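Okay, so here's the structure we're looking at.
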Amino acid sequence: MNYKSISLSIVFYNLFIVVFILSIPHTQSIRNIAFYSAFLLITYIFIQGKYYNNSIFKSKELKKIAIAYILLSIWIVIGLLFFAENQLYVLKEIKGQWIVPFLYFLFGMFCYLISFNSNSKLFNHKNIMFIIFFALFIHVLYIDLYALQYYTEHKELIKRFGGLEGTPDRANMLTNLLLALIMTEIVYRIRNKKQLLPLNNFVLFISFVLTIISSLIEAMRNGSVAVLFLATSSLVFILYKNQQIKQVYKYILSSIFIAVLALPFMYNVKTDARWQTLIESIPIALDTQNNKFWLNSSKYPSPKLDNGQNVNGSNYLRIAWFKVGIEYSIEKPFGIGYQRNSFGEAMTNKYNYHARSTSHSGFIDWLLGIGYIGIILWFIIIGLLFRLAIHSYRKNFSYFSVGLFFVVTGNMSRFMVDPILRDHMFATFMLIVGIMLTGLLLEDNEKTKTNKSQ
């Protein structure tokens, strides 16, 4: 076994470690050792093998995305120099929350590009996707087994269990990501009669069922809505210009897909009382002048519903924080410097009271940090990825076009209502986007070469 094979094997195993422990609390040292050692090795192989000469780096689509990302990075630095009040803190945040996730993006890109061109039986592009699938599946399996044990002991289904991640929202991020990968595989198999993951249909189906059960156990409102969107998107991809499926079977397939993937949403609506008072809570939450419970729950009383009960904290606070966040962004349209805790700093600046670090909306947190110019540039990047995924699917029903679409749209829908693009969640997102984007560009190149040779 030569040096390159040994290095690729190390990268392969470290990739599994990184994906598996990235979301587990108190594992930062192990995570950093695994990631940076693998990143240095894969970067060395990338440079030594001159993979930078690959035709994907000449892609106009990739260049557009790169330009938009560079412009956003420049704007973030401008925000540090001219608009940040605590420059040392913002500089630290840029390093940990912007540069490090970009390294994860490069890591994903390098891993897939090299594995795609590798003759190794171990380090190949199919195994890269399987190792990510397997690392995520362990988390789902742990949640399901724990819930089974809990049920045997207490005769009831546990709710809002956080698994190895400690909190249900973090666990649900991984569950939804795994479900997106599973649905990508299902769509690919139906449309192309091919498979990428080395799993037979039965094992893939069992994985799908266990992932749905995990979503039910986590009982996250926003996550269940994202799963419902995933169901409708999957149907569109399967049925788009598909003449192989008869019309009657399309109706049957649509009914099954919606029914099964809507289970987490329907179960959540039935079991989560917050849905029942959401509409009534909206005008109360928007009246931030008369109801200031959102600012200081210890100082101000909780607003009441018509029945005399206190408003649900989640319903009320998310809406109120979103509104005051928008109001402050109008006062500071260029932002206050890129950082995770932009909402807390904004509230401290305006009201001299530190309400909390996050508004529970990634959109508001980013808007307050990087301003309207920054948020527009970010959505341009997302729009370019979205457009590329749709265009690629229309052209060749690409596996990675579906995967990129699901990952980008799933995260951006949660971005509006959850602080998802921060810490390990942002790093995971960038890693998967790096892999999916590279796979898409390589698939498009292979398809173009095949068409030219015919």
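The values are calculated or read from the model by the stated rules, or taken from the named source; none is laboratory data. Just so we're clear, the structure is a prediction, and the values are computed from it rather than from any experiment. As a convention, Cβ positions derive from the backbone with ideal geometry for all residues, glycine included, and neighbour counts pool all protein chains shown. Ligands, DNA and RNA are stripped out before the accessible areas are found, and what is left, the full protein with its side chains, is counted by its heavy atoms. Shrake-Rupley method; radii C 1.70, N 1.55, O 1.52, S 1.80 Å.
In a helix (DSSP H, G or I) and more than 20 Å from Ile217 (Cα to Cα): does that describe Met173?
For Met173, the condition - in a helix (DSSP H, G or I) and more than 20 Å from Ile217 (Cα to Cα) - is not met.
With respect to Gly308, determine if the residue is out of contact with any strand residue (DSSP E or B) (no Cβ under 7 Å at 6 or more places or on another chain), at positive phi, surrounded by fewer than 20 Cβ atoms within 10 Å (Cβ to Cβ) and not β-branched (Val, Ile, Thr).
Answer is yes for this residue.
So if I check each of Tyr142, Tyr112, which one is under 22 Å from the mean Cα position of the chain (by Cα), within 29 Å of Ser7 (Cβ to Cβ) and either in a helix (DSSP H, G or I) or β-branched (Val, Ile, Thr) (or both)?
After applying the criteria, what remains is Tyr112.
Rundown of residues vs (1) out of contact with any Ser or Thr (no Cβ under 6 Å at 6 or more places or on another chain); (2) small (Gly, Ala, Ser); (3) free of Cβ contacts under 8 Å to residues at least 40 places away in the same chain, yes/no style:
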{"position": "Ser29", "(1), (2), (3)": "yes, yes, yes"}
{"position": "Phe35", "(1), (2), (3)": "yes, no, no"}
{"position": "Ala38", "(1), (2), (3)": "yes, yes, no"}
{"position": "Tyr51", "(1), (2), (3)": "yes, no, no"}
{"position": "Ser55", "(1), (2), (3)": "yes, yes, no"}
{"position": "Glu61", "(1), (2), (3)": "yes, no, no"}
{"position": "Ala66", "(1), (2), (3)": "yes, yes, yes"}
{"position": "Ile70", "(1), (2), (3)": "yes, no, yes"}
{"position": "Ser73", "(1), (2), (3)": "yes, yes, yes"}
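Residue check: is Asp423 at pLDDT below 90 and open to solvent by 10 Å² or more (accessible area, probe 1.4 Å)?
no
So Phe16 passes all but one of these: (1) farther than 16 Å from Ile435 by Cα; (2) open to solvent by 30 Å² or more (accessible area, probe 1.4 Å); (3) under 26 Å from the mean Cα position of the chain (by Cα). Which condition number does it fail?
Among (1) farther than 16 Å from Ile435 by Cα; (2) open to solvent by 30 Å² or more (accessible area, probe 1.4 Å); (3) under 26 Å from the mean Cα position of the chain (by Cα), the lone unmet condition for Phe16 is (1).
Let's see how each residue does on (1) part of a loop (DSSP other than H, G, I, E, B); (2) over 26 Å from Ile190 (Cα atoms):
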position	(1), (2)
Tyr372	no, yes
His391	no, no
Phe405	no, no
Val417	yes, yes
Phe426	no, yes
Ile432	no, no
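How about segment 186-225: which of its residues are open to solvent by 50 Å² or more (accessible area, probe 1.4 Å), part of a helix (DSSP H, G or I) and among the polar types (S, T, N, Q)?
The answer is Asn201, and nothing else.
Is it fair to say Tyr150 is on the phi < 0 side of the Ramachandran plot and in contact with an Asp or Glu (Cβ under 9 Å, 6 or more places away or on another chain)?
yes
Residues checked against (1) surrounded by 14 or more Cβ atoms within 10 Å (Cβ to Cβ); (2) in contact (Cβ under 8 Å) with a residue 40 or more places away in the chain:
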| site | (1), (2) |
| --- | --- |
| Ser120 | yes, yes |
| Asn124 | yes, no |
| Ile128 | yes, yes |
| Phe133 | yes, yes |
| Leu136 | yes, yes |
| Val140 | yes, yes |
| Asp144 | yes, yes |
| Thr152 | no, no |
| Leu157 | yes, yes |
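Given the structure, is Phe133 modelled with pLDDT under 90 and touching a Leu at 6+ places or on another chain (Cβ under 6 Å)?
no
Collect the residues in segment 57-90 that are at pLDDT below 95, over 17 Å from Ser342 (Cβ atoms) and surrounded by fewer than 18 Cβ atoms within 10 Å (Cβ to Cβ), keeping them in residue-number order.
Once the filter is applied, which keeps residues that are at pLDDT below 95, over 17 Å from Ser342 (Cβ atoms) and surrounded by fewer than 18 Cβ atoms within 10 Å (Cβ to Cβ), segment 57-90 yields Phe57, Lys58, Lys60.
Would you mind stating whether Asn32 is of a type in the set (S, T, N, Q), open to solvent by 40 Å² or more (accessible area, probe 1.4 Å) and under 18 Å from Leu103 (Cβ atoms)?
Criteria met by Asn32.
Assess whether Ile319 counts as being among the β-branched types (Val, Ile, Thr), modelled with pLDDT of 95 or more and assigned to a helix (DSSP H, G or I).
Spelling it out, it is not the case that Ile319 is among the β-branched types (Val, Ile, Thr), modelled with pLDDT of 95 or more and assigned to a helix (DSSP H, G or I).
Tell me which of these Ile10 doesn't satisfy, since it passes every other one: (1) without any contact (Cβ under 8 Å) to a residue 40 or more places away in the chain; (2) more than 19 Å from Tyr104 (Cα to Cα).
Answer for Ile10: the failing condition is (2).
Which of the residues belonging to segment 337-394 are among the β-branched types (Val, Ile, Thr) and without any contact (Cβ under 8 Å) to a residue 12 or more places away in the chain?
Thr348, Ile376
So, in segment 401-411, of the ones that are over 8 Å from the mean Cα position of the chain (by Cα) and touching a residue at least 60 places away in the same chain (Cβ under 8 Å), which residue ends up surrounded by the fewest Cβ atoms within 10 Å (Cβ to Cβ)?
Among residues in segment 401-411 that are over 8 Å from the mean Cα position of the chain (by Cα) and touching a residue at least 60 places away in the same chain (Cβ under 8 Å), the one surrounded by the fewest Cβ atoms within 10 Å (Cβ to Cβ) is Thr409.
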